[in-house]
Amino acid sequence: MSDQSKPSDTTFNPSDHSHRRHNPLSGEWVLVSPHRSKRPWLGQEEAPTPLQTTPYDPKCYLCAGNTRINGIENPQYENTFVFTNDFAAVEQQMRESTACEHALLQHTPVAGTSRVICFSPDHSKTLPQLPQTEIVKVIECWQAQLNELSQQWDWVQIFENKGAAMGCSNPHPHGQIWATDTLPTEAIKADANLRRYYEQHQRNLLLDYATLELEQQERVVDQNEHWLVVVPYWACWPFELLLLPLQPVKHLNQLNHAQTDSLASIMKSCLTRYDNLFNCSFPYSMGWHGQAFNRGNQDHWQLHAHFYPPLLRSASVKKHMVGYEMLAEPQRDITPEQAAQRLRDCSTKHYAA
Ligand code: H2U
């Protein structure tokens, strides 16, 4: 028997009623189902990512002075340390393309490099726990890497996988940089949508979006003179964040000292809010999207960082992108506006400090 009952009030209210939101960066849609956030949970619980307490682990491959899996010894580094990934995902050597024998079996060679970047010699301190001056060193390291890698590669993907819930293999604070001679899929989508908007309006999509979010204030989590952090209108992950500069900036290596300092400050505050939300070391994947290199005019580009955390209800209940998400489109329960409010309500003083 089907449920034929009709709601008595048909007025649409996005805080209560199902709707879809459009992501102008990816061109994709997300289903928002606010009324579902009250459903009970009897499913899987993750072990919360604990805070590390020891500043040095003799078994860690990334601690200063330790030997990595391939026998190479890490230096006694003092701030950041970058090395080529011993299990690099892409090979440096460019290869000639071979013809694809069938239209349905397409391939293309890809060349590049993969690097690991240790954020600090202190095994126990994740980004929000580092002093702001040390977060500045991480940003300066990203900038130096961009300056170097953009000479040779077209796309430089800087990212961090944090926490076992995101498949991170080592709790030592670290990120990665994969640089390639081709644009990966997410970059192609963002590039095409930013370009289309720029051509249609002669304006930058993300600068217009930042202005709108500053006016509305509904989804703003943090802001300072140079930066804005919002739960984007089209967020898929429950506590997803978008970090945006307020001035035109195409990539991290264009930032001046003041913009770099205030980026470190806003990263520290919004990542501290993350940890304080469920009193745990908040897992996420984050990464920077900025202009492609060696590809002519990039006026349509505006730097931004995405933070995709998997947690939904507590330190142990994760959002699963399964079922409808895999087969139809991403879906969320708590609205972006509610998520922004929850994060705004969190302290910027770390719970473990
Ligand atoms: P995760 O963020 O996925 O944990 O990545 C850590 C990287 O460190 C992983 O890509 C590399 C792995 O290949 N690694 C080395 O290059 N050398 C080592 O000795 C250990 C880990």
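From the set of residues in segment 151-170 that are open to solvent by 30 Å² or more (accessible area, probe 1.4 Å) and modelled with pLDDT of 95 or more, which is nearest to the ligand (Cβ to nearest atom)? This residue is Asn161.
Tallying residues that are among the aromatic types (Phe, Trp, Tyr) and part of a strand (DSSP E or B) within segment 225-241 yields 1. With the structure loaded, tell me whether Gln129 is more than 9 Å from the ligand (Cβ to nearest atom) and out of contact with any Phe, Trp or Tyr (no Cβ under 9 Å at 6 or more places or on another chain) or whether it fails that test. Taking the combined requirement at face value, the residue satisfies it.
In the set (1) at pLDDT 95 or above; (2) under 25 Å from the mean Cα position of the chain (by Cα); (3) under 30 Å from Glu134 (Cα atoms), Leu51 fails one condition alone, (1).
Residue-level analysis places Glu329 among those that are under 20 Å from the mean Cα position of the chain (by Cα) and either at pLDDT below 95 or in a loop (DSSP other than H, G, I, E, B) (or both).
Among the listed residues Ser26, Ser33, which satisfies the condition of being open to solvent by less than 50 Å² (accessible area, probe 1.4 Å) and over 29 Å from Ser114 (Cα atoms)?
Only one candidate passes the filter, namely Ser33.
Annotation note: of Asn70, Asn85, the sole residue that is near the ligand (Cβ under 9 Å from one of its atoms), polar (S, T, N, Q) and in contact (Cβ under 8 Å) with a residue 24 or more places away in the chain is Asn85. Taking the numbered list (1) part of a loop (DSSP other than H, G, I, E, B); (2) modelled with pLDDT under 90 in turn, Arg36 passes all entries but (1).
Is it the case, given these coordinates, that Ser124 is within 16 Å of the ligand (Cβ to nearest atom), at pLDDT 95 or above and in a loop (DSSP other than H, G, I, E, B)? Spelling it out, it is not the case that Ser124 is within 16 Å of the ligand (Cβ to nearest atom), at pLDDT 95 or above and in a loop (DSSP other than H, G, I, E, B). Of all residues in segment 198-215, none satisfies being under 27 Å from Pro131 (Cα atoms), hydrophobic (A, V, I, L, M, F, W, C) and touching a Leu at 6+ places or on another chain (Cβ under 7 Å). Summed over segment 171-189, residues that are open to solvent by 40 Å² or more (accessible area, probe 1.4 Å) and either free of Cβ contacts under 8 Å to residues at least 12 places away in the same chain or in a loop (DSSP other than H, G, I, E, B) (or both) total 6. From the list Leu243, Leu327, Leu263, Leu277, the lone residue that is open to solvent by 30 Å² or more (accessible area, probe 1.4 Å) and of a type in the set (A, V, I, L, M, F, W, C) is Leu327. Taken together, the residues in segment 276-326 that are assigned to a loop (DSSP other than H, G, I, E, B) and under 18 Å from the mean Cα position of the chain (by Cα) amount to 15.
Check whether at least one residue in segment 101-120 is touching a helix residue (DSSP H, G or I) at 6+ places or on another chain (Cβ under 8 Å), at pLDDT 95 or above and open to solvent by 30 Å² or more (accessible area, probe 1.4 Å), and report yes or no. Looking through segment 101-120, at least one residue is touching a helix residue (DSSP H, G or I) at 6+ places or on another chain (Cβ under 8 Å), at pLDDT 95 or above and open to solvent by 30 Å² or more (accessible area, probe 1.4 Å).
Residue-level analysis places Ala192 among those that are farther than 24 Å from Gly175 by Cβ, at pLDDT 95 or above and not in a loop (DSSP other than H, G, I, E, B). Cβ-Cβ distances below 6 Å connect the following pairs, each with a first residue in segment 328-348 that is among the charged types (D, E, K, R), a second residue that is assigned to a helix (DSSP H, G or I), and a separation of six or more residues or different chains: Asp333/Arg36; Asp333/Ser37.
The values are calculated or read from the model by the stated rules, or taken from the named source; none is laboratory data. Given the structure is predicted, the values throughout are model-derived calculations rather than measurements. As a convention, Cβ positions derive from the backbone with ideal geometry for all residues, glycine included, and neighbour counts pool all protein chains shown. Calculation scope for accessible area: heavy atoms of the full protein, side chains included, ligands and nucleic acids excluded. Shrake-Rupley method; radii C 1.70, N 1.55, O 1.52, S 1.80 Å.
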